[in-house]
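*Asks:* This structure is in structure tokens; I'll ask about it shortly.
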Amino acid sequence: MREQIRCAVFGLGRLGYWHAENLAGKVKGAKLSVVVDPQEKIAEKVAHELGVQWSTSSQSILEDSEIDAVIIAVPTAFHADMIKLAAQHGKHIFVEKPLTQTLEEADEVIDVIRENGIFCQVGFMRRFDPAYAEAKRRIDAGDIGKPIYFKSISRDPGSPPAEFIQKSGGIFLDLSIHDYDLARFLMGAEVESVHAHGTVLLHPFMKECGDADQALAYLTFDSGAAGDVEGSRNAMYGYDIFTEVVGTEGSIRIGSLRHHDVQLLTDKGSVHDIVPHFPVRFKESYLLEMNHFIDCLRKEEKPSVTEIDGKKALEISMAAKISWKTGQRVHVGEKVKQTWRNES
Ligand SMILES: NC(=O)c1ccc[n+]([C@@H]2O[C@H](COP(=O)([O-])OP(=O)(O)OC[C@H]3O[C@@H](n4cnc5c(N)ncnc54)[C@H](O)[C@@H]3O)[C@@H](O)[C@H]2O)c1
């Protein structure tokens, strides 16, 4: 077992900062050596706070033989190029979701990862959330019988700005991809087809971005099961995350709106607070997924959620996006590429 994995974090925005903070002191066997961001002030500030080196140049860090692994938390549009470069330099990779922005890019990065014999983990942190992990354990143990229906809701408390949305790949790719990954993970089956709908309810700028702020996808699985996934940027009350798997002998529900376990009772009624946003709801999961990544590298084992899972979730997202644009039910897999070519 390797003593220590020396890491570099690329991109110090919302996600990169969390990963850097975790790697700097909370993950056993990890050494955060350097943080990288083209915005010098951000790189310098985070480095100073965490007591590590900083750089504005990805290339020089990739060429550094003292770095074993890189964490890629840059905007999605840059994932493919950065994964390929990192793999070619022999670095193990943790990449935020989605793996890439297109299926062609996904195939390219899968080839480069394979050719260079490195490990890659994709940031589907919900799999590591204690509640989702327990649900998976109970489903696999047969506690609800055979899974027959999947329901998942992800409602964000508002939208990121237009500049982010333009580069995000859209709601099916950026937001609902977490639920599509959970669909495969919890149902133990592959999604066969998607029929999706979307509209703009609260954020008019979404129309100019060619995106929706409210989306729904109906899924069919190769096991004969079905499901639906709602994605929304319109939960002005808080961060609303919920998943249910219905089985032949019961149902399992994951998630509640409640933030602190405090309930206020007055003559006006009963109230509790609501989870404000993803860094709060999934704080523990970001640490647990990073623990898994470093642990796997130390043992030289493949992570449990890889570039292949990244591509499969991407295929479902693409099918949903095409279905929304065309109004047709879309089959997942090779046909997605074909349909997309025909449409574009
Ligand atoms: N797992 C999750 O829950 C989750 C949540 C939000 C975002 N994400 C993903 O994380 C990624 C980053 O999103 P974000 O919200 O943190 O973005 P962000 O815009 O907040 O931050 C991105 C950072 O990357 C930097 N950057 C840009 N190009 C770079 C380069 N070549 N090298 C190094 N740094 C570079 C930018 O200067 C910026 O500081 C996206 O792929 C997004 O889909 C995942």
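*Asks:* Taking the stretch 78-199 as the region of interest, what is the percent of Cα-Cα pairs per 10 angstrom bin, listed from the shortest bin to the one with the maximum distance?
*Replies:* Whole-percent P(r) values from 0 Å outward: 11, 34, 34, 19, 2.
*Asks:* I would also like to ask the following. Working only with C-alpha atoms, what are the Rg and Dmax values of the stretch 151-302, expressed in angstrom?
*Replies:* 17.8, 59
*Asks:* Put 295, 309 in order of accessible area, largest first, 1.4 Å probe: what do you get? Each step should come with its number before you reach the end.
*Replies:* Working: 295 55, 309 25 Å².
Ranking 295, 309 by accessible area, largest first, yields 295, 309.
*Asks:* Also, quick follow-up: Kirkwood hydrodynamic radius, computed over distinct alpha-carbon pairs, for the stretch 32-149: how many Å, to one decimal? Write out the running numbers ahead of the final one.
*Replies:* Working: mean 1/r = 0.0613 Å⁻¹.
Here the Kirkwood hydrodynamic radius works out to 16.3 Å.
*Asks:* Turning to a different aspect of this structure: Let's test the formula: R0 of 41 Å, r as the Cβ-Cβ distance of residue 60 and residue 236. What FRET efficiency results, to the nearest 0.05?
*Replies:* Numbers: r = 44 Å, r/R0 = 1.07.
Given R0 = 41 Å and the Cβ-Cβ separation, E is 0.40.
*Asks:* Something else now. On average, how much accessible surface per residue is there in the stretch 64-206, in Å², for a 1.4 Å probe, leaving out ligands, DNA and RNA?
*Replies:* Averaged over the residues of the stretch 64-206, the accessible area is 36 Å².
*Asks:* Residue 190: accessible area at probe 1.4 Å, nearest 10 Å²?
*Replies:* Number for this one is 60 Å².
*Asks:* Using the Kirkwood formula on the Cα atoms of the stretch 166-224, what hydrodynamic radius do you get, in angstrom to one decimal?
*Replies:* Details: mean 1/r = 0.0799 Å⁻¹.
12.5 Å is the Kirkwood radius here.
*Asks:* While we're here: Order the following by accessible area, largest value first: 17, 239. Probe radius 1.4 Å; ligands, DNA and RNA are ignored. It would help to have the intermediate numbers written out before the result.
*Replies:* Details: 17 60, 239 10 Å².
Greatest to least solvent exposure: 17, 239.
*Asks:* Scan around residue 192 for amide H atoms under 5 Å from its own, H built in the peptide plane at 1.01 Å from N, and keep only partners 5 or more places away or cross-chain.
*Replies:* 220, 221, 222
*Asks:* Accessible area of residue 100, 1.4 Å probe, to the nearest 10 Å²?
*Replies:* Residue 100 exposes around 0 Å² with every protein chain in place.
*Asks:* Can you list the aspartates and glutamates whose alpha carbon sits under 17 Å from that of residue 167, skipping same-chain ones fewer than 8 residues off?
*Replies:* Output for residue 167: 81, 96, 105, 208, 211, 213.
*Asks:* How much accessible surface area, in Å² rounded to 10, belongs to the heavy atoms of residue 78 with a 1.4 Å probe?
*Replies:* Its heavy atoms expose roughly 110 Å² to the probe.
*Asks:* What is the log10 of I(q)/I(0) for the chain, computed with the Debye formula using one identical point scatterer on each Cα and no solvent, at q = 0.07, 0.12 Å⁻¹?
*Replies:* Here log10 of I(q) over I(0) equals -0.30, -0.89.
*Asks:* Using only DSSP helix segments of four residues or longer, with each worth -39500 (n - 2.57), what per-residue ellipticity at 222 nm results for the chain after dividing by its residue count and rounding to 500? Numbers along the way, then the final one.
*Replies:* Numbers: 14 runs with 140 residues, N = 344.
So the calculated ellipticity at 222 nm is -12000 deg cm²/dmol.
*Asks:* Could you grab the relative contact order for the chain? Cα pairs under 8 Å, six or more apart, rounded to a whole percent.
*Replies:* Values: 718 pairs, mean separation 67.1, N = 344.
With pairs under 8 Å counted, the relative contact order is 20 percent.
*Asks:* Something else now. Across the stretch 1-53, how large is the tail of the calculated P(r) beyond 18 Å, expressed as a percent of all Cα pairs?
*Replies:* Values: 306 of 1378 pairs.
Taking all Cα-Cα pairs of the stretch 1-53, the fraction more than 18 Å apart is 22 percent.
*Asks:* Dividing the convex hull volume of the alpha carbon atoms of the stretch 1-99 by its residue count, what do you get in Å³ per residue?
*Replies:* 93 Å³
*Asks:* So how strong a dipole does the chain carry about its Cα centre when Lys and Arg Cβ are +1 and Asp and Glu Cβ are -1, to the nearest 20 debye? Write down the numbers at each step before the final one.
*Replies:* Details: 40 positive and 51 negative charges, 90 e Å.
Charge dipole of the chain: 440 debye, to the nearest 20.
*Asks:* Next question, about the same structure. Among 65, 304, 147, which residue has its Cα furthest toward the positive end of the charge dipole of the chain, with +1 on Lys/Arg Cβ and -1 on Asp/Glu Cβ?
*Replies:* Final value for the positive-end residue is 147.
*Asks:* Let me ask you something else. Projected onto the charge dipole of the stretch 184-273 (+1 at Lys/Arg Cβ, -1 at Asp/Glu Cβ, origin at the Cα centre), which of 196, 239, 220 gives the Cα projection farthest towards the positive end?
*Replies:* It is 239.
*Asks:* Let me ask something else. Whole-Hz ³J(HN,Hα) for each residue in the stretch 217-230, computed from phi via Karplus 6.51 cos²θ - 1.76 cosθ + 1.60 with θ = phi - 60°, x for glycine and proline: what do you get?
*Replies:* Residue by residue, the stretch 217-230 yields 10, 9, 10, 10, 10, 6, 8, x, 6, 9, x, 9, 10, 9 Hz.
*Asks:* May I ask for the angle, rounded to the nearest 10°, between helix 283-299 and the longest principal axis of the chain, with both axes built from Cα atoms and the value confined to 0 to 90°?
*Replies:* 50 degrees
*Asks:* Straight-line reach from residue 151: which lysines have Cα under 18 Å away, leaving out those fewer than 8 places along the same chain?
*Replies:* Answer for residue 151, where 18 Å is the Cα cut-off: 136, listed by chain and number.
*Asks:* Relative to 2.2 N^0.38 Å, what does the C-alpha radius of gyration of the stretch 190-276 come to as a ratio? Two decimals please. Write down the numbers at each step before the final one.
*Replies:* Numbers: Rg = 17.4 Å, N = 87, 2.2 N^0.38 = 12.0 Å.
With N residues counted in the stretch 190-276, Rg over 2.2 N^0.38 Å equals 1.45.
*Asks:* Obtain the radius of gyration and the Kirkwood radius of the stretch 222-320 from its C-alpha atoms and give Rg over Rh.
*Replies:* For the stretch 222-320, the value is 1.05.
*Asks:* In degrees between 0 and 90, to the nearest 10, how far off the longest principal axis of the chain does helix 307-326 point, with axes built from Cα atoms?
*Replies:* Its long axis makes an angle of about 50 degrees.
*Asks:* Taking N as the number of residues in the stretch 111-156, what value does Rg over Cα atoms divided by 2.2 N^0.38 Å take?
*Replies:* On the way: Rg = 15.7 Å, N = 46, 2.2 N^0.38 = 9.4 Å.
Relative to the rule-of-thumb radius for its length, the stretch 111-156 sits at 1.66.
The values are calculated or read from the model by the stated rules, or taken from the named source; none is laboratory data. This is a predicted model, so every value here is computed, not measured. Note that each Cβ is placed from the backbone with ideal geometry, even for glycine, and that neighbours are counted across all protein chains shown. Keep in mind that these areas ignore ligands, DNA and RNA; they rest on the heavy atoms of the full protein, side chains included. Shrake-Rupley method; radii C 1.70, N 1.55, O 1.52, S 1.80 Å.
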